[in-house]
Structures are given as C-alpha cells and as structure tokens.
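The values are calculated or read from the model by the stated rules, or taken from the named source; none is laboratory data. These numbers come from a predicted model, not from an experiment. Ideal geometry is used to build each Cβ from the backbone, glycine not excepted, and the neighbour counts take in all protein chains shown. Keep in mind that these areas ignore ligands, DNA and RNA; they rest on the heavy atoms of the full protein, side chains included. Shrake-Rupley method; radii C 1.70, N 1.55, O 1.52, S 1.80 Å.
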Amino acid sequence: MTENTAPVSALLVVDVQMAFVTGAGAVPDAERVVERAAMLIARARASGALVVHLQNDGPVGADDETGTPGWELRLPVEAGPREVVIRKTEDDGFDGTPLADLLTRAGVAGVSVCGVMSEMCVGATARAALERGYRVVLPHDAHATYDIPAAPGISAAVPAPMVSRVAEWALGDEVEIVAHAEDVSFTAAGAAEAAARPAEETRDPA
C-alpha cells in the first residue's frame with residue numbers, strides 16, 4: 001500500500017454500468033464502488049483533470065449488450081473537453097480505442113483507475129497503462145468484482161474482496177495502491193488537453 005501519492009491528471013472510470021452495479025447482477029459492495037467512483041469524478045472535475053468513462057459494448061445476449069438498460073452508465077457524464085466516454089469491446093480499455101491518443105493529447109502522465117471488474121477490465125486497463133509508461137494509482141475501495149464460485153477438486157469459493165486484493169497484487173510493484181478513494185489527489189491535465197475531442201470518444205465499429 002502507498003500512503004502518499006503525487007497527484008494524477010486523469011481518472012479512468014471502468015465499466016460502471018447498470019448491469020454490474022444495480023439489481024440482482026450487481027457486484028458485492030456495488031453501492032460502495034459507485035459512491036467512491038462518484039467522489040473521484042467530482043474531485044477530478046474540480047481539479048481540471050481529465051475524466052474518461054470506459055463503457056463496455058457487450059455482445060448480443062450479454063447483461064451489458066450494447067443499447068440495453070444494462071449497458072447504460074450508472075453515473076452521469078458531463079461531456080466536454082475534460083470529460084469523455086470511450087466505448088470498448090475488450091477488457092483492456094486501450095485495446096482498439098482512442099484512449100492512448102486522448103491521454104497523450106491531454107498531456108497526462110499519471111492516471112487513477114476505478115470501477116469493475118477488479119481482475120478483468122480494471123486490472124487489464126491498469127496493466128496496459130503501466131506498460132505504456134503511465135503512473136497508475138489504484139484506490140482499493142473503488143474497484144470490485146464477483147465471488148469466484150467453488151470448483152470441485154480445485155478450491156472452495158473465493159470471496160470477492162479476496163479476488164480484488166489478488167488482482168491488485170498481480171499488477172506488481174509499479175502500481176500505486178492506496179487504501180481509500182479520498183487518498184487520491186488530482187491536478188489539471190496539461191495544456192495539450194484542450195485539443196481533446198470535446199464530446200464523446202467512440203470505438204471505430206470497423
């Protein structure tokens with residue numbers, strides 16, 4: 001765990017979509033994750049940091065199938081030069097999307113990541129950011145996932161909080177893990193950020 005971290009200039013909000021944080025299909029502690037994500041978004045906006053909402057386009061029949069109620073984002077977006085939505089189809093939010101270009105144009109050097117699922121889209125996006133040379137700050141109480149069910153002959157059920165902690169550990173020693181969302185601080189994105197697309201960044205369907 002890291003007690004004190006330097007400010008970051010972007011927040012990546014990963015897949016905080018209705019299918020995963022509301023109703024019977026919600027992750028355990030969904031209310032906590034939504035609350036912490038909302039806090040991070042508010043603080044990032046107030047600091048002039050870049051806010052990127054990653055939205056997964058699920059396949060036909062999935063809980064987050066594109067265009068269905070479960071696909072919708074849970075938290076409101078204030079679209080503008082410093083807040084965009086990027087749609088994706090892979091766990092890694094950089095894969096096949098304009099995220100890397102957006103961060104570069106915004107002059108971002110460090111990001112904070114929150115959302116769901118810890119060992120899937122959150123972990124994959126955080127790892128990809130680390131591989132691209134970004135500082136990554138991951139608040140422990142601002143990401144979550146599901147329990148892993150028991151597998152006969154392999155293991156008993158694994159509780160969701162343990163899965164989330166293992167996902168953090170698997171990112172290695174470069175990630176900066178902080179205990180609480182309020183431990184994350186933000187600063188304004190660089191001057192190049194003004195050139196960021198003003199409304200919504202979408203994945204090229206081709």
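Put a dot 7 Å past each Cα toward the Cβ at Thr66 and Glu31; how far apart are the dots in nm?
The modelled label-to-label distance comes out at 3.5 nm.
Among Gly70, Gly93, Gly80, which one shows the highest mean-square fluctuation when the chain is modelled as a Gaussian network with alpha-carbon springs under 10 Å?
Gly80
Among the DSSP beta bridges whose two residues both lie in the chain, what percent are antiparallel, rounded to the nearest 5?
Of all bridge pairs located within the chain, approximately 15 percent are antiparallel.
Check each of the GluC sites (Glu not before Pro) in the stretch 1-96 and keep only those in coil by DSSP with at most 12 other C-beta atoms within 10 angstrom; list them in order.
Here the GluC sites (Glu not before Pro) that fit, given the DSSP loop and packing criteria, are Glu3, Glu78.
Taking a probe of 1.4 Å, how large is the accessible area per residue of the stretch 79-174, in Å²?
Normalised by residue count, the accessible surface of the stretch 79-174 is 43 Å².
Consider all pairwise Cα distances in the stretch 105-144 and report the whole-number % of them above 17 Å.
Counting every Cα pair in the stretch 105-144, those more than 17 Å apart make up 27 percent.
Could you check how much of the accessible area of the chain is carbon and sulfur, as a whole percent, using a 1.4 Å probe?
Looking at the chain in its full context, I get 55 percent from C and S.
Out of these labelled values of Rg and Dmax of the Cα atoms in Å, (1) 16.0, 46; (2) 16.9, 59; (3) 16.1, 56, which was calculated from the coordinates shown here?
(3)
Highest GNM mean-square fluctuation, the chain, Cα pairs closer than 10 Å: which of Met18, Met162, Met117?
Met162
Using a 1.4 angstrom probe with every protein chain in place, what is the largest-first accessible-area order of Thr97, Thr187, Thr145?
So the residues, ranked largest to smallest area, are Thr187, Thr97, Thr145.
On a full-extension model of 0.36 nm per residue, what is the gain between Ala6 and Ala156, subtracting their alpha-carbon distance, rounded to one decimal in nm?
50.1 nm
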